[in-house]
Amino acid sequence: GMVTLGTGIGNLTPLQSVTISGNAASESPEFAIATLGNIQLQNLTAPQGLSLSSQNGGIYASLLSTVNRTNAGNVTLSGKTISLTGINTQSIDGTGGTVDITATDFFRARGTFVDLNQIEASISTAGALGGGSIVLRHGGNGETPFVVGDASLNGTAGVMTRGTEPGDTIAAGN
């Protein structure tokens with residue numbers, strides 16, 4: 001089933017942990033979940049943006065989507081290990097949303113989807129009027145590389161893209 005969410009969970013006082021067994025959606029501006037421990041959920045759709053923050057735990061999810069016909073919402077993730085299927089912040093008629101990720105351990109985007117430019121991506125911020133930025137910080141500390149094309153430890157299964165111009169896509173081997 002589908003779980004419809006309000007403005008946020010744990011915004012004022014972070015919860016111990018959050019588990020949502022099923023798909024979730026929110027129409028609230030900048031929907032947020034804040035916890036001390038793990039955040040576990042399936043697909044989360046929040047066209048106006050979303051923020052998931054775990055102080056001491058990880059974030060485990062399927063597809064996070066802020067797709068919007070006009071300007072897409074932003075995605076902000078912060079936690080120890082972040083493991084998900086993909087992030088989709090595309091806009092059909094406007095600007096793609098930004099993605100800002102901080103994983104103090106490792107980040108994994110284990111799946112792919114085909115974006116509006118027919119690119120098989122794990123993260124896409126593409127938009128008709130321009131793509132949003134993608135900022136990804138991880139705890140590899142120069143010892144564990146981040147690998148586009150290999151999400152087994154620290155990386156993405158598919159490309160990271162913000163459009164079709166040269167330099168907009170980071171693919172395997174880049």
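The values are calculated or read from the model by the stated rules, or taken from the named source; none is laboratory data. Treat the numbers as computed from the prediction; the structure is a model and nothing was measured. Reconstructed Cβ throughout: ideal geometry from the backbone, glycine too, with neighbour counts over all protein chains shown. These accessible areas exclude ligands, DNA and RNA; they are computed on the full protein's heavy atoms, side chains included. Shrake-Rupley method; radii C 1.70, N 1.55, O 1.52, S 1.80 Å.
At a 1.4 Å probe radius, carbon and sulfur cover how many percent of the accessible area of the range 93-174? Of all accessible area on the range 93-174, carbon and sulfur atoms account for 49 percent. Model label sites at Val114 and Ala128, defined 7 Å from Cα along the beta-carbon direction, differ in position by 2.0 nm. Length gained on full extension, Thr164 to Glu27: 46.4 nm, using 0.36 nm per residue less the C-alpha separation.
Just to check, using Stokes-Einstein with a Kirkwood Rh over alpha carbon pairs, what's the diffusion coefficient of the chain at 25 °C and 0.890 mPa s in µm²/s?
Numbers: Rh = 15.7 Å.
My calculation gives 156 µm²/s for D.
Neighbours of Thr156 by Cβ distance under 10 Å: Lys/Arg scored +1, Asp/Glu scored -1, total +1. Projecting the Cα atoms of Ser122, Gln90, Ala46 onto the dipole axis of the chain, where Lys and Arg carry +1 and Asp and Glu carry -1 at the beta carbon, places Ala46 farthest toward the positive end.
With every protein chain left in place, what is the accessible area per residue of the range 59-101 in square angstrom, probe 1.4 Å?
31 Å²
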